Each structure stands twice: as C-alpha cells, then as structure tokens.
1. Compute the distance from the alpha-carbon center of region 24-45 to that of region 1-20, in whole Å.
2. Sum -39500 (n - 2.57) across every DSSP H segment of at least 4 residues in the chain, then divide by the residue count to get the 222 nm mean residue ellipticity, nearest 500.
3. Please determine, in degrees from 0 to 90 and to the nearest 10, the orientation of helix 16-32 with respect to the longest principal axis defined by the Cα atoms of the chain, where the helix direction is its Cα long axis.
4. Per-residue counts of other Cβ atoms within 10 Å, averaged by peptide: what ranking do you get for 25-34, 46-55, highest first?
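None of the figures in this text is laboratory data; all of them are computed from the coordinates on show. As the structure is a prediction and not an experimental result, all values here were calculated from the model. For neighbour counting, all protein chains shown are included, and Cβ atoms are generated from backbone atoms with ideal geometry for every residue, glycine included.
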C-alpha cells in the first residue's frame with residue numbers, strides 16, 4: 001500500500017472565497033478519483049502557528065495506482081485550479097503494509 005500525504009499552505013493574500021473554492025476543488029477530486037482506496041482532507045484547527053492550512057491523504061493499493069492518479073487529467077486539472085492560492089506544498093508517499 002502507498003499512503004500519499006500532501007500539506008498545503010494558502011498564500012496570505014488569497015481571498016477567503018478563493019480559499020474555499022480550492023478546498024471544494026480538492027474535496028471533489030478526493031470524492032471522484034478512482035485510483036485510491038480511501039481518502040481524507042483536514043483543515044488546520046488553528047491551535048499552533050506555522051501549520052499548513054490543509055492536508056490530504058489518499059491510500060493507494062500499489063505504486064502504479066499512485067502513478068496513474070498523479071498523471072490523471074483530474075489530478076492535473078485540480079493542480080491547475082488551486083495553484084494560484086497555494087504558497088507552499090509538501091508531500092510524502094509512504095510504502096507500508098500496515099495502516
């Protein structure tokens with residue numbers, strides 16, 4: 001299994017409606033993607049300064065499913081749509097048998 005985790009931080013000057021639209025776009029991708037087994041999106045609770053704004057997680061059955069997702073039109077379109085409001089992105093793909 002491959003667990004893909006991505007954290008995003010919004011640009012400080014990104015307007016609230018554009019941030020909301022980015023979140024809705026990410027939620028739509030997670031809901032409609034067909035490569036992963038399970039998905040999750042979390043918004044920062046604001047309890048500590050310096051945290052990312054949003055984190056997403058997708059569990060894939062194998063590395064090829066992750067690579068297929070990464071190259072999918074839906075994923076690439078999501079990136080295109082959210083890029084204007086994102087300041088930073090950090091990701092990890094973790095291979096494991098136990099989740």
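1. Distance between centres, Cα-based: 12 Å.
2. Details: 3 runs with 36 residues, N = 99.
The helix contribution divided over the chain gives -11500 deg cm²/dmol.
3. 10 degrees
4. On the way: 25-34: 14.5, 46-55: 11.8.
Ranking the peptides 25-34, 46-55 by packing returns 25-34, 46-55.
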